[in-house]
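Derivation of every value follows stated rules applied to the coordinates shown; laboratory data play no part. This one's a predicted model, so the numbers in the text were calculated from it and none came from an experiment. Please note: Cβ atoms are built from the backbone with ideal geometry, for glycine as well, and neighbour counts cover all protein chains shown.
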Amino acid sequence: MGAGHGGPLGAAYVARDTAVHRLPAHVSLVAVLAFALVVVATPLDPAWAPAYGGYAVLVLAAAALARVPAARLARGLVVELPFVLFALLLPVVARGPRVEVLGLSLSESGLVTAGGLLAKATLSVLAATVLAATTTPQDLVRGLQRLRLPAVLVQILSFMVRYADVVTGELRRMRVARESRGFRGRGPGALRVVAATAGALFVRSYERGERVHLAMLARGGDGRLPAGPAPAVPVGTWLTGLALPLSAGAVLAAGVLGA
């Protein structure tokens with residue numbers, strides 16, 4: 001857990017000195033989870049479009065407060081591509097009344113559902129991106145530990161954070177070795193070499209994990225992460241951290257009362 005932030009996971013972190021960055025990791029985790037739950041609880045209905053717009057303003061305001069660059073937010077949205085593809089297919093395959101859009105016959109219910117799902121996915125991913133940009137991977141693992149996540153999952157995540165850059169470096173060295181032997185990766189024949197590389201990487205990672213496990217046992221490791229006494233978080237810090245989901249909840253409540 002003492003690794004730096006230069007690995008593939010640490011590259012998501014944007015070093016700044018803001019109120020959002022200073023929040024304890026478990027407070028930020030609770031805030032993002034609560035915000036996502038509010039977004040998911042919002043009905044899939046065009047009449048609720050202003051509520052989704054309000055959520056977008058809130059999460060973008062949080063990103064601006066944390067001084068997260070727009071390019072970092074855009075990179076974070078890349079993980080949403082599967083949802084985008086699914087949303088694009090829904091109006092085509094869904095049943096019900098049809099409507100003509102750009103010469104295509106699309107389902108009205110499919111369009112509504114696709115728009116709602118896309119909005120919910122985008123807002124949730126933006127909130128998660130702000131979390132990743134303002135909290136280091138090591139602090140996220142400690143925050144999950146403070147939230148009483150099962151110890152086995154915390155251990156798995158901690159090793160992933162610690163050794164992701166190690167495995168990435170191993171893969172980089174294997175790529176250099178392939179290219180030094182004339183491999184260029186063109187044509188279907190390259191798939192066999194890539195598959196062999198993936199298999200070799202898995203075996204090397206497994207063996208490295210075995211060696212690390214034996215080394216930990218030799219040093220008295222019992223499978224639990226060391227954790228000192230956690231200081232109490234002031235109420236004001238909780239209120240600051242939960243400002244995003246509380247504001248989103250107010251938007252949802254206003255929509256429910258106005259419906």
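Sorting 141-149, 168-176 by average packing, meaning the other beta carbons within 10 Å per residue, from highest down gives 141-149, 168-176.
Ordering 37-45, 116-124, 151-159, 50-58 by mean Cβ neighbour count within 10 Å, with the highest value first, yields 116-124, 50-58, 37-45, 151-159.
Model label sites at Arg95 and Val212, defined 7 Å from Cα along the beta-carbon direction, differ in position by 5.0 nm.
When +1 charges are put on Lys and Arg Cβ atoms and -1 charges on Asp and Glu Cβ atoms, the dipole computed for the chain relative to its Cα centre reaches about 1040 debye. Considering helices alone, the calculated mean residue ellipticity of the chain at 222 nm is -22500 deg cm²/dmol, with DSSP H runs of length four and up weighted by -39500 (n - 2.57) and normalised per residue.
Can you tell me how much longer the chain between Ala151 and Glu170 gets when fully stretched, taken as 0.36 nm per residue apart minus their C-alpha distance, in nm with one decimal? Could you put the intermediate results ahead of the total?
Working: separation 19, 0.36 × 19 = 6.84 nm, distance 2.79 nm.
Using 0.36 nm per residue and subtracting the Cα-Cα distance, I get 4.1 nm.
Treating each Cα of the range 150-218 as an identical point scatterer and summing with the Debye formula, the log10 of I(q)/I(0) at q = 0.12, 0.13, 0.21 Å⁻¹ comes to -0.43, -0.50, -0.94. Against the set (1) 19.8; (2) 21.7; (3) 18.4, the structure's computed Kirkwood radius over Cα pairs in Å falls on (2). The packing ranking of peptides 62-68, 86-92, 96-102, 201-207, highest mean first, is 62-68, 86-92, 201-207, 96-102, where packing means the average number of other beta carbon atoms within 10 angstrom of each residue. Applying a length cut-off of 15 Å (Cα extent along the axis) and a mean Kyte-Doolittle floor of 0.0 to the DSSP H helices of the chain leaves 25-41, 49-65, 81-93, 108-134, 151-180, 190-218, 243-258.
Ranking Val167, Gly143, Ala190 by how far each Cα lies toward the positive end of the dipole of the range 135-199 (charges on Cβ) leaves Ala190 at the top.
So what's the range 1-129 giving for Cα Rg divided by 2.2 N^0.38 Å, two decimals?
1.27
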